[in-house]
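Read the structure below first, then the notes.
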Amino acid sequence: MTDKRTVLLVGAGLLQVPAIELIHELGLRVCATDRDPAAAAFPTCDETVVMDTKDVAGHVELARSLCARGDLAAVFTEGADVEVTVAQAAAAAGLPGCDPAAAAICANKAEFRRVCREAGLPGPLFEEVGSLADARLALREIGLPVIVKPLDNSGSRGATKLAAESELENAFHEAMRWGGTGTVLIEECLSGPEQSVETIVDQDGRQWRCNVVDRPFAFDPYPVELGHDNPTVLDDAQQEALYELVEQSTRVVGIDLGAAKADTMWTARGPVVLEMTARLSGGFHAQYTSGLAYGTNDIKACLDLALGRSLDPADVTPRWQRHSICRALFPEPGLITAIDGVDDALAIDGVEHVIFRMNVGEEIRPYRTCADRAGFVITCADTREAALAAADAARQAIRVGTAPYAAVD
């Protein structure tokens, strides 16, 4: 057992709160980074550093300085899209982590698609383009509908579905605005129900199957996730096919330790992995609904691996099977003037959490990305129907007042 006491946690948003609580339960300290000086989880951390979580060089330097101090035990994140930062910082510090090359593939949607295509895995048609003229050629070659998105962002930022070529110019520039590669992805827009598949690769290379959740979407042409349903409604054979494809994708990409999470779709031609990342899921999936639905602790399983410990099978073995639902709240866009009914919602049978990302005085923008969602309700019950009913009742109980931004002094 190491006597090093500090975990470098990359990101300090709401999704990191359960990890911070767990790290403290293990008797360890948290040094967290975030570009936001007012990051939600900073007050619960032992040490904070204001730094962009995508600043790889800065985190490598920080990890080395913590090593020099003599107490860096692990580099970790939970649900944040920073797998490259974590992998590079861990490698620089000589600590366990995912292969940085695999993390880099996951962080670039076009590279991930190329690697999977070369391995013969199913996937959408796609082209990486750097100009509007090339985007038009790609669209005509792939055929409508397509989805246009940046290569290196998450949460649907900069992603737009297109049903007509006349929509391409705006979508191209929007994807460019959100990306950092100077190129965008033009991708065949497949159709079918979407899922998130959570797996973990342990210290011996075994890939543990955690769970599959369903991911409903709305707000076309912008793919905004409404939440998720844990577990999926797919049958055992379909889940087996998803897991097998995710395991193949994990090996092809090269994720050799820790989380291997995939966004998938069940299409008319079978399962497809849309994206993969070397981190646990966000959206309060790994953070709350998996524990509620199964009694598992995927965060602890991954944290143990980052600490150089062996994965404990008890952390990823279901103790029960219930149904947990996460649903986003979608108030009228504008400046938030009031939030009421939270206590009423929490009093409803089956409602476990009400979480707000935004507070009074903050602006809800028109819903174009998953980051525009203001709040969430999380429920749990013995049946899917009861969990959904509790979520609907909670959303009706919560009242979020908004006003047009220009109308407020």
Discussion item. Any residue at all in segment 14-25 that's touching a residue at least 40 places away in the same chain (Cβ under 8 Å), under 21 Å from the mean Cα position of the chain (by Cα) and in a loop (DSSP other than H, G, I, E, B)?
Written reply: no
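Can residue 337 be described as touching a Gly at 6+ places or on another chain (Cβ under 9 Å), part of a strand (DSSP E or B) and open to solvent by 60 Å² or more (accessible area, probe 1.4 Å)?
On the way: touching a Gly at 6+ places or on another chain (Cβ under 9 Å): yes; part of a strand (DSSP E or B): yes; open to solvent by 60 Å² or more (accessible area, probe 1.4 Å): yes.
When the stated conditions are applied, residue 337 passes them.
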Discussion item. On the basis of being small (Gly, Ala, Ser), over 20 Å from residue 106 (Cα atoms) and open to solvent by less than 60 Å² (accessible area, probe 1.4 Å), does residue 38 make the cut?
Written reply: no
Worksheet item: So, in segment 356-366, of the ones that are at pLDDT 95 or above and buried (at least 17 other Cβ atoms within 10 Å of the Cβ), which residue ends up farthest from residue 397 (Cα to Cα)?
Response: 364
Fill in: Qualifying residue in segment 83-92 (condition: free of Cβ contacts under 8 Å to residues at least 60 places away in the same chain, touching a Lys or Arg at 6+ places or on another chain (Cβ under 7 Å) and within 24 Å of residue 306 (Cβ to Cβ))
yes
Worksheet item: Quick one: in segment 180-202, which of the residues that are among the β-branched types (Val, Ile, Thr) and outside any loop (DSSP other than H, G, I, E, B) is nearest to residue 164 (Cα to Cα)?
Response: 186
Item to complete: Would you mention how many residues in segment 165-202 are open to solvent by 40 Å² or more (accessible area, probe 1.4 Å), within 16 Å of residue 145 (Cβ to Cβ) and β-branched (Val, Ile, Thr)?
Response: 0
Item to complete: May I ask you to list the residues in segment 1-13 that are free of Cβ contacts under 8 Å to residues at least 40 places away in the same chain and in contact with a Lys or Arg (Cβ under 9 Å, 6 or more places away or on another chain)?
Response: 1
Discussion item. Checking residue 49 against (1) among the aliphatic types (A, V, I, L, M); (2) open to solvent by less than 40 Å² (accessible area, probe 1.4 Å); (3) within 30 Å of residue 251 (Cβ to Cβ): exactly one of these is not met. Which one?
Written reply: (3)
Worksheet item: Pick from 295, 258, 308: which is on the phi > 0 side of the Ramachandran plot and buried (at least 21 other Cβ atoms within 10 Å of the Cβ)?
Response: 258
Response to the item:
Expected output for segment 325-349 (first residue on the phi > 0 side of the Ramachandran plot, partner in a helix (DSSP H, G or I), Cβ below 9 Å, 6+ apart or cross-chain) is 334/405; 334/407; 341/394; 341/396; 341/397
Discussion item. Test of understanding: among 259, 241, which residue is touching a strand residue (DSSP E or B) at 6+ places or on another chain (Cβ under 7 Å) and part of a helix (DSSP H, G or I)?
Written reply: 241
Practice prompt. Give the residues of segment 203-224 that are in a strand (DSSP E or B) and either crowded, with 22+ Cβ neighbours inside 10 Å or on the phi > 0 side of the Ramachandran plot (or both), sorted by residue number.
Written response: 210, 211, 212, 213
Worksheet item: Going through segment 369-409 one residue at a time, which ones are touching a residue at least 60 places away in the same chain (Cβ under 8 Å) and part of a strand (DSSP E or B)?
Response: 376, 378, 380, 399, 400, 401, 402, 403
Item to complete: Considering only residues that are among the acidic types (Asp, Glu) and open to solvent by 20 Å² or more (accessible area, probe 1.4 Å), look in segment 225-236 and name the one that is nearest to residue 379 (Cα to Cα).
Response: 225
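The values are calculated or read from the model by the stated rules, or taken from the named source; none is laboratory data. Quick caveat, the model's predicted, so the values are computed rather than measured. As a convention, Cβ positions derive from the backbone with ideal geometry for all residues, glycine included, and neighbour counts pool all protein chains shown. Ligands, DNA and RNA are stripped out before the accessible areas are found, and what is left, the full protein with its side chains, is counted by its heavy atoms. Shrake-Rupley method; radii C 1.70, N 1.55, O 1.52, S 1.80 Å.
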